[in-house]
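For reference, the structure discussed in these notes is given below.
The values are calculated or read from the model by the stated rules, or taken from the named source; none is laboratory data. None of the values given here were measured: they were computed from a predicted structure. Heads up, the Cβs are rebuilt from the backbone with ideal geometry, glycines too, and the neighbour counts pull from every protein chain shown.
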Amino acid sequence: MNYLENRKYVIQAIFVVVGIVFALRLFYIQVVDSSYKQAAETNAIKTVIQYPFRGLIYDRNGKLLVENTPVYDLMVVPKEAREPDTLRLAKLLGLPFEDVRERLKKARSYSPVKPSIFYQKLTTQDIAHIQDNLIDFPGFYINARTARGYSHSSLSHALGYIAEISPKQLEDTAYAGYRPGDYIGKSGIELEYEKYLMGQRGVKHIMVNVRGIEKGPFKDGAYDTLSVAGKNLYSTIDLELQKYGEYLMNGAKGSVVAIEPSTGEVLAYISAPFYDPNLFTGKDYGKNYMQLLTDPNKTMFNRPIMASSNPPGSIFKLAHALIALQEGVVTPNTGYPCNQALVTCSHAHPAPTDMTIAIKTSCNPYFYQLFRASINQGKSSNPFKDTAIGLAEWRKQITTFGFGTTLGIDLPNEKQGIVASPAMYNKIYGENRWKFSTIYSLSIGQGELGVTPLQMANFMAIIANRGYYIKPHIVRAVGEKGKPLREYQKRNYASVESKHYAPVVDGMAAVVSSGTGRNASLAHLGIEVCGKTGTAENPQGKDHAVFVAFAPKENPKIAIAVYVENAGFGAQSAAPIAGLMMEKYLTDSVSTKVKWKEKWVLSRQYLNID
Amino acid sequence: MPVEQTIPKYKIATRSSKRTSRNIFNNLDWVTVLLYFLLVALGWMNIYAVVYSPDNVVNIFSFDINSGKQLLWIGTSVILITMLLAVDYKIFEHLAYPIYGFIILLLLFTLAVASPIAGSRSWLDLGGGVRLQPAELAKFATALAASKFLNGANLRHQNMKDQMILAVITLLPPAIIILQNETGSALVFGAFILAYFREGMSPLILIIGGSAAAIFILTLLVPKLYLISGIIVLMGAAIWLDYRLMRRIKSMVALLLLIVGMIFSVDYFINDVLQPHQQNRIKALISPEADPLGYGWNVTQSKIAIGSGGLFGKGFLDGTQTKFDFVPEQSTDFIFCTIGEEHGWIGSTVLIVLFLLLMTRIVSIAERQKSVFARTYGYCVASIIFFHFLVNIGMTIGLAPVVGIPLPFFSYGGSSLWSFTILLYILLAIDANRAQDLSR
């Protein structure tokens, strides 16, 4: 048996010999013989990215909000360009001589043999001029691609813009599919819906030889993928209403948000001052961007969702009334004396003998007493503890109206605002060291409150719907037959039941028909508007004007919040703007009868009234 | 009824397996298990490298790409391993013939019903997009049957009958597989010669077989006239060195005539017997440069890919030649190119060493078995893996004709991974229980 067992050495020797032969052979072809490396160079495959068309964005009536326009980049392959006539090139492009040299240097340091962008975003006119001269500049060629284009100059804050992906984003694994130089949504809808808009890139494989000369498609394109255009978005915005709103707000600072209450669709979204979205598409993008960023009026600030530190003012009285009714501490017929000893009332008015009159007159002492009734319900005999219990309960309810939380609009960077909480006061004053007299300014919508214009408009939608809202959204459909996302179809109920809304709505109707909101009246059209004026105290300067409204009273079609910074009392500036915009939306035009209001608004004289 | 007879037998078997299963973990040959998982994991990563494209990055786990699917095969292989280690190890010997018989029937069945895929009628459609290649399973089945037969027979005694039976057992499956047009898989059965050699087969067969293969390949690589002159010179030199050989001049001349006859018949064989695609594979070996875009494509591209790797390679996922099936069958039969390109000579050599370690380890496992059955089976496993290793890597570096067989544990594909897993773990299961084989 032994001699057979020795055969195991023979067998193992065969294994090892074959392994050694393989290793030697591999050493020869991999290390010794360099011809394979050269051959590998000559049959490299170049992959060319096929950029898809970015999805278009339409308004609610099918008008184009965002389209694609061709732009041209001047490309250079430095090695082929050799030593170009930089002086002539500079003249051709209208660039300083040094700049041209700098750009060439940059391209060369990136890669001498690969093309890089020499000059971005030439216009069609530039092209006609440059193209003819390019024949004298070998290594330079023009690459066409598409950029965003706008046939209007509106809605810049909501639409957002696209720009080259940043180095930081490139490192982020969330952007794994992107390459340097790719365009990506940077803000607004462009950012929020990036994954739908961007489409799917295609890849084309081309065989190239060592000098990069194309030898035709690799395997007849068997591995190529076609690009798939991005999905078109259908926005909820009414472009005509938007344009009209921007016309009215031009030169002012502030926000206008209009919502269709039954659907939560945002009809208009104005952040003033605004800028032309076309500023970000051309070759001067960088310059324009820096200019806007450093602008003292904070043009880039997306006010409707980011201006979250301003108190709501008197419009909050509506919420107090609703919560008090829900709590059962008052009835619609409850009256309180206009006791100026508690809190001053800005103007003389009839006694608030019921809630509707109180709302119409915006009586401060009335709401002081109503809010105190809500907060101090005697659940604890200790007034400090009782206030804390009441405030916590009130806070729970007020957040169901969307205050103090982000509403979840489909735009990035929405702020949640501020709603006073026991914890907040505990931190300021210490536990059990504060009571109603400490926090009473909440009753008139001042103090530790911060509300975004979007939240105000949404609050109006809740009252218009008598008790619920659908999350405001600015895109109603992705793709031709798309539906809104599921979260934009669901009703969110506020804590106050629908039966309690009637006295508040009546009060709001009275505000417009015969109270402080008369400038928003649409009585000449026979439409009953419900509204409320407000003034947000501004420690830095003149107070901000607020007006919120919805119309018509029954079966409302539009809810609106107008916020004008430093415009003082809401009645003079915000109310007429709201009235004009509601008229524009409900009737598609503005009647000549109210043209004087338009003139008044545009005169900006309200900014000078003290 | 035979079924009734077998039932009590299995009851005993299950009882004994309960006792052994406690120890199987301790007795398992973990070196082999480690080498197995190392090869499988490296293979998986390289399968990903083949489909990886920086322009369209897909997660390695995605089931849309081969690496994700391979993970599924790996997972099911682990289940297979557990099952193989859980059953009573004696079952493999007891059922060797029934398994063999079943596989023969399955091969015939496949031949009868399979619709041709790329000219081959070896795939059995199991429905739901799952396909099985019974030819892969035939390897371990034949190994079991041949080992079982050798357990009772003796090759050393010039027992013609036993040798004939063994030849039939060994050659029946490849004969059917050739009919299925899977010549590559059929050639694998030639590997059994190594195992039989260990069990006492005359070394002459090994030598003759090896020389014939060498002459065959030399005939292709060297012009006939040079080859014949070379052999005559060699023989002359041999006689000059040892004059005693002169006495055997007749047999020397006979051998020369045999070789010359073989050289000419190789020529005839290639041009008149082989089918065009087989001819091409052989021509590719002779002169791939003659038609680099035609039959030489595979070999040329594969050599370029490997050759461009250099000493250290281009780095994981950084290969350019082994993408998009530049080399066809990239993730299956030509997976070695990816190693060569991305990991260079160092990586290729490491892989070769890993295979050598595995194969020599299997040989030493085989040697420590108490029964002829277990030892022969061990040698069969080593031989089959060796044959795949030899031909698969050989063809990618231009040392063997292009024969479509996978690199064990490494290439993409469920049938291949499963069959090698079964092949190896039957041995490990038997090995883990070898202490209980003392009674034999």
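Taking the range B:113-125 only, how many residues are in a strand (DSSP E or B) and either modelled with pLDDT under 75 or not assigned by TED's automatic domain parsing to the domain that holds B:Ile176 (or both)? Spell out how you get there, then give the answer.
Of all residues in the range B:113-125, those in a strand (DSSP E or B) come to B:117, B:120, B:124-125.
If we keep only those that are either modelled with pLDDT under 75 or not assigned by TED's automatic domain parsing to the domain that holds B:Ile176 (or both) as well, we get B:117, B:120.
So the answer is 2.
When you go through A:Ser495, A:Ser443 one by one, which is the residue that is in a loop (DSSP other than H, G, I, E, B) and either within 22 Å of the chain's Cα centre (by Cα) or hydroxyl-bearing (Ser, Thr, Tyr) (or both)? Walk me through how you get there before you give the answer.
Values: A:Ser443 fails: in a loop (DSSP other than H, G, I, E, B).
Answer to the check: A:Ser495.
Quick one: which helices (runs of 4 or more DSSP H) sit completely within the range A:104-174 and have at least 2 residues that are assigned by TED's automatic domain parsing to the domain that holds A:Ile409 and modelled with pLDDT of 85 or more?
Values: elements: A:124-133, A:156-159, A:167-171.
Filter on the range A:104-174 gives an empty set.
Mind listing whichever residues of the range A:175-191 are buried (at least 21 other Cβ atoms within 10 Å of the Cβ) and assigned to a loop (DSSP other than H, G, I, E, B)? Of everything in the range A:175-191, just one residue is buried (at least 21 other Cβ atoms within 10 Å of the Cβ) and assigned to a loop (DSSP other than H, G, I, E, B), namely A:Ser187.
Is at least one residue of the range B:185-200 within 14 Å of chain A (Cβ to nearest Cβ), at negative phi, free of Cβ contacts under 8 Å to residues at least 12 places away in the same chain and not in a helix (DSSP H, G or I)? Step through it out loud before you land on a result.
Let us first name the residues in the range B:185-200 that are within 14 Å of chain A (Cβ to nearest Cβ), namely B:190-200.
Now drop any that are not at negative phi, which leaves B:190-199.
The next check asks that each one be free of Cβ contacts under 8 Å to residues at least 12 places away in the same chain; those that pass are B:197.
From what is left, the residues that are not in a helix (DSSP H, G or I) are none.
Scanning the range B:185-200 turns up no residue that is within 14 Å of chain A (Cβ to nearest Cβ), at negative phi, free of Cβ contacts under 8 Å to residues at least 12 places away in the same chain and not in a helix (DSSP H, G or I).
Test A:Pro261 against the stated conditions and say whether it is in the same structural domain as A:Phe550 (by TED's automatic domain parsing) and either free of Cβ contacts under 8 Å to residues at least 24 places away in the same chain or over 18 Å from A:Lys584 (Cβ atoms) (or both). Give the steps one after another, and end with the answer.
On the way: in the same structural domain as A:Phe550 (by TED's automatic domain parsing): yes; either free of Cβ contacts under 8 Å to residues at least 24 places away in the same chain or over 18 Å from A:Lys584 (Cβ atoms) (or both): no.
When the stated conditions are applied, A:Pro261 does not pass them.
Taking the condition of being in contact with a strand residue (DSSP E or B) (Cβ under 7 Å, 6 or more places away or on another chain) and part of a loop (DSSP other than H, G, I, E, B), how many residues in the range A:412-423 meet it? Full working, then the answer.
As a first pass, look at the range A:412-423 and keep what is in contact with a strand residue (DSSP E or B) (Cβ under 7 Å, 6 or more places away or on another chain): A:417-420.
Narrowing further to those that are part of a loop (DSSP other than H, G, I, E, B): A:417, A:420.
The total comes to 2.
Residues are listed down the side, and each one gets a yes or a no for (1) assigned to a helix (DSSP H, G or I); (2) at the interface with chain A (Cβ under 10 Å from one of its Cβ atoms); (3) at pLDDT below 85; (4) surrounded by 22 or more Cβ atoms within 10 Å (Cβ to Cβ):
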{"residue": "B:Gln301", "(1), (2), (3), (4)": "yes, yes, yes, yes"}
{"residue": "B:Ile304", "(1), (2), (3), (4)": "yes, yes, yes, yes"}
{"residue": "B:Leu317", "(1), (2), (3), (4)": "no, no, yes, no"}
{"residue": "B:Met359", "(1), (2), (3), (4)": "yes, yes, no, yes"}
{"residue": "B:Ala374", "(1), (2), (3), (4)": "yes, no, no, yes"}
{"residue": "B:Val381", "(1), (2), (3), (4)": "yes, no, no, yes"}
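Mind listing just one residue for me: the one in the range B:167-225 that is over 20 Å from the mean Cα position of the chain (by Cα), among the aliphatic types (A, V, I, L, M) and within 19 Å of B:Val391 (Cβ to Cβ) and, of those, modelled with the lowest pLDDT? Ranking the candidates gives B:Leu221 first. Scanning the range B:64-84 for residues that are over 23 Å from the mean Cα position of the chain (by Cα) and crowded, with 17+ Cβ neighbours inside 10 Å gives B:Ile65, B:Gly68.
Restricting to the range A:237-262, what's the tally of residues that are in a loop (DSSP other than H, G, I, E, B) and more than 17 Å from the chain's Cα centre (by Cα)?
Going residue by residue through the range A:237-262, those that are in a loop (DSSP other than H, G, I, E, B) are A:237-238, A:250-253, A:261-262.
Cutting the leftovers down to more than 17 Å from the chain's Cα centre (by Cα) gives us A:250-253, A:261-262.
The qualifying residues number 6.
For B:Val233, the criteria (1) within 14 Å of chain A (Cβ to nearest Cβ); (2) modelled with pLDDT of 85 or more hold in every case but one, which is (1). Against the numbered list (1) of a type in the set (Lys, Arg); (2) over 23 Å from the mean Cα position of the chain (by Cα); (3) crowded, with 16+ Cβ neighbours inside 10 Å; (4) not in a loop (DSSP other than H, G, I, E, B), A:Lys427 comes up short only at (3).
Of the listed requirements (1) crowded, with 23+ Cβ neighbours inside 10 Å; (2) β-branched (Val, Ile, Thr); (3) not assigned by TED's automatic domain parsing to the domain that holds B:Leu107, B:Ile215 misses just one: (1).
Specify which of the listed residues (A:Ile315, A:Ile389, A:Ile409, A:Ile305) is part of a helix (DSSP H, G or I) and over 24 Å from A:Lys435 (Cα atoms).
Details: A:Ile315 fails: over 24 Å from A:Lys435 (Cα atoms); A:Ile389 fails: over 24 Å from A:Lys435 (Cα atoms); A:Ile409 fails: part of a helix (DSSP H, G or I).
Only one candidate passes the filter, namely A:Ile305.
Condition first: surrounded by 12 or more Cβ atoms within 10 Å (Cβ to Cβ) and of a type outside the set (Gly, Ala, Ser). Now tell me which residues in the range A:147-171 satisfy that.
First pass over the range A:147-171, keeping only residues surrounded by 12 or more Cβ atoms within 10 Å (Cβ to Cβ): A:147-166, A:169-170.
A:Arg148, A:Tyr150, A:His152, A:Leu155, A:His157, A:Leu159, A:Tyr161, A:Ile162, A:Glu164, A:Ile165, A:Gln169, A:Leu170, listed by residue number.
The requirement of being more than 25 Å from B:Thr76 (Cα to Cα) and within 14 Å of chain A (Cβ to nearest Cβ) is satisfied by B:Ile365. Just one of (1) surrounded by fewer than 24 Cβ atoms within 10 Å (Cβ to Cβ); (2) outside any helix (DSSP H, G or I); (3) among the aliphatic types (A, V, I, L, M); (4) more than 10 Å from chain A (Cβ to nearest Cβ) fails for B:Val402. It is (1). Taking the criterion of being farther than 28 Å from A:Lys63 by Cβ, in contact with a strand residue (DSSP E or B) (Cβ under 6 Å, 6 or more places away or on another chain) and among the charged types (D, E, K, R), the only residue of the range A:469-505 that qualifies is A:Arg491. In the range B:166-189, what residues are crowded, with 17+ Cβ neighbours inside 10 Å and either within 16 Å of B:Ala96 (Cβ to Cβ) or not assigned by TED's automatic domain parsing to the domain that holds B:Ile393 (or both)? Selection gives B:Leu166, B:Ile169, B:Thr170, B:Leu172, B:Pro173.
Residue selection: A:Ser437 fails the criterion of being in a helix (DSSP H, G or I) and under 27 Å from A:Ala571 (Cα atoms).
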